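Derivation of every value follows stated rules applied to the coordinates shown; laboratory data play no part. Here the structure is a predicted model, which means the values were calculated and not measured. Positions of Cβ are generated from backbone atoms using ideal geometry, with glycine treated the same way; all protein chains shown enter the neighbour counts.
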Amino acid sequence: MPSWQFKLFYDGECPFCRREVEWLKRRDRAGQLATEDIAALGFDPARYGLTRDDVSRVLHGLTADGRVLRGMDAVRAAYRAVGLGWLVAPTRLPLVRTVADGLYGLFARNRLTLGRLAGRPCSAGKCEMP
């Protein structure tokens with residue numbers, strides 16, 4: 001069994017994603033959140049039964065027991081892993097879940113453009129999907 005509770009696959013080319021991961025890592029005092037950058041050269045989504053297209057569309061993560069979570073479910077698991085599950089707990093409520101999942105989908109599709117518009121440059125000087 002791994003030493004972490006949840007492994008988050010994030011887009012290191014997305015300025016918002018990088019910033020969120022850095023914020024989560026600073027709060028992960030127990031070391032329960034592992035992260036892996038899908039934009040890194042050595043990242044192979046096939047190791048997790050995923051494709052490059054899968055991980056490029058929405059956030060994914062892996063539970064310690066091997067289950068793959070995606071979208072807001074991955075966000076909720078990452079926050080729980082660092083002890084901040086209470087912040088996203090309301091997004092599990094039926095109506096709120098529908099809205100939160102929809103808004104996340106909208107963000108995921110437009111994250112790179114939003115980053116450029118907000119004046120946050122991408123790490124490699126480009127904001128294209130991998």
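Things to note:
- Here the chain is assigned +1 on the Cβ of each Lys and Arg and -1 on the Cβ of each Asp and Glu. Its dipole about the Cα centre then comes out at about 360 debye.
- Cα centre as origin, Lys/Arg/Asp/Glu Cβ charges: the range 8-59 dipole, Debye: 280 debye
- Summarising the strand pairing of the range 6-117, around 60 percent of its internal DSSP beta bridges are antiparallel.
- Were the residues from Arg19 through Phe107 laid out at 0.36 nm apart, the gain over their Cα-Cα distance would be 30.2 nm.
- Positive end of the dipole of the range 32-102 (Cβ unit charges, origin at the Cα centre): among Ala40, Leu59, Leu87, the Cα lying farthest that way belongs to Leu87.
- Kirkwood radius, the range 6-117, all distinct C-alpha pairs, inverse of mean reciprocal distance: 14.3 Å.
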